[in-house]
1. What number does region 41-106 give for Rg over Rh if you use C-alpha atoms and the Kirkwood radius?
2. Past 27 Å, Cα to Cα, is the threshold; run Lys128/Lys154; Lys99/Lys154; Lys106/Lys128; Lys49/Lys98; Lys76/Lys128 against it and keep the listed order.
3. If you average the C-alpha positions of region 99-130 and of region 14-82 separately, how far apart do those two centres end up, in angstrom?
Amino acid sequence: MPVKKRADFNDCAFVYITTTIKEWSPIFIDRNLSIILLKQLEETLRFYKIPIISYVLMPSHLHMMVFLSEYSQLSKFMQSFKSLSSRKIKEELTEAIKKKFMNDSKFRLWMPRFDDLILYSDIQFIRKMEYIHNNPVRGNLVTKSEDFEFSSAKDWLTDKGR
């Protein structure tokens, strides 16, 4: 599998990120696992001092938009987040489900890569924000994006988040 090279860029940036569970397994239909993952995301963001702008946790993947004061910290942040969340989620899985994520006697929850996009314009920023918040509607999980529990849409689109 080809390895994606990261941009040679060290300025601050708004970055759109997507990471996916191995084989697109919909493990986050389990509310408890979703909560565990989002708590780990919050801890990792706090450790790296990275503000999150928006997010949505879908059954098999996570989209988020963050602000990086140094783009070069992205890989370390994602490596930490994926490693720590894998350990915590592994503890909660049944043996049968754990087997699905075993590879050469190692537990692999996440696909080895993640995708990122540096947002260079207001239009890109708005489009990615809308994409993140409308993902559960497109996935037929809710009819209104602000009704999806594991998303920042309610924070952006209603008074509930204020």
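We did not get these values from a lab; they are worked out from the coordinates using the rules stated. Here the structure is a predicted model, which is why all the values come from computation and not from measurement.
1. Working: Rg = 14.0 Å, Rh = 13.5 Å.
In region 41-106, Rg relative to Rh is 1.03.
2. Details: Lys128/Lys154 16 Å; Lys99/Lys154 36 Å; Lys106/Lys128 34 Å; Lys49/Lys98 32 Å; Lys76/Lys128 23 Å.
In this structure, Lys99/Lys154; Lys106/Lys128; Lys49/Lys98 lie more than 27 Å apart at Cα.
3. The distance from the Cα centre of region 99-130 to that of region 14-82 comes to 8 Å.
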